[in-house]
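FYI, it's all coordinate maths here, none of it is from the lab. It should be emphasised that the depicted structure is a prediction, and the values quoted were computed from it without experimental measurement. Please note: Cβ atoms are built from the backbone with ideal geometry, for glycine as well, and neighbour counts cover all protein chains shown.
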Amino acid sequence: MLLSDITLLSYLVVGLLSGAVSTAVMTLTELPSWKRWGLPGVFEWHENQIITRRLFKLSNESNTIHFKGVFFFHFINGILAGIAFPFIVTFFFTMLIDSFSSLLLLGTLYGFVLWTITLVPIHKPITGLSPFNHPLGHVPAFASLGGHLVYGVVLGFMIFAFMPNYV
């Protein structure tokens with residue numbers, strides 16, 4: 001399927017905005033985990049904290065959270081994944097887009113896949129903590145997965161809201 005320049009631009013803009021909003025909503029769902037367990041209780045934030053420290057050679061003090069870096073990387077990842085979503089759906093799942101609920105379902109699946117292929121394999125190498133054998137138990141893994149599912153649902157909703165003719 002060939003996309004026109006207008007379609008490409010609209011997919012980019014809608015994906016960017018949808019990714020930003022979806023990441024913001026996901027971030028709100030992660031606040032309770034952070035309040036309860038601190039940084040290790042929010043997998044993405046913990047990874048971004050360590051990446052920020054290493055990349056910018058910042059203090060390794062465990063009580064200093066580099067929120068600018070944590071949220072910068074969190075939103076960059078969410079926006080990039082948001083930009084990719086309309087293209088992935090268009091090129092691989094066009095036959096499945098027949099309703100609002102199908103976009104929500106594809107968004108939910110996308111959130112699950114993002115968690116499975118981008119977070120789970122890298123969490124232990126970056127943080128030293130296994131997502132499935134975590135010192136805080138299994139609840140942070142479920143919270144992280146839940147955040148990604150919320151991200152996907154909101155992403156599907158936003159794509160529908162901005163591009164109702166997509167369905």
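Helix-only estimate, please: 222 nm mean residue ellipticity of the chain, summing -39500 (n - 2.57) across DSSP H runs of length 4 or more and dividing by its residues, to the nearest 500. Show your work: numbers first, answer last.
Numbers: 6 runs with 120 residues, N = 167.
Roughly -24500 deg cm²/dmol at 222 nm, from the helical runs in the chain.
Based on Cα positions only, what radius of gyration and what Dmax would you give for the stretch 16-167, in angstroms?
Cα only, the stretch 16-167: 16.0, 51 Å (Rg, Dmax).
Among the helices of the chain (complete DSSP H runs), which have Cα atoms covering no less than 27 Å along the helix axis and a Kyte-Doolittle mean of at least -1.0? Please list the in-between numbers first.
Working: long enough: 5-37 (47 Å, 0.80); 67-92 (36 Å, 1.73); 139-162 (34 Å, 1.78).
Span-like helices in the chain: 5-37, 67-92, 139-162.
Between the stretch 5-36 and the stretch 88-150, what's the alpha-carbon centroid distance in Å?
If we compute the Cα centre of each part, the gap is 14 Å.
Please get the size of the charge dipole for the stretch 5-166, origin at its Cα centre, with Cβ charges of +1 on Lys and Arg and -1 on Asp and Glu, quoted in debye to the nearest 20.
Details: 7 positive and 6 negative charges, 105 e Å.
The dipole of the stretch 5-166 has a size of about 500 debye.
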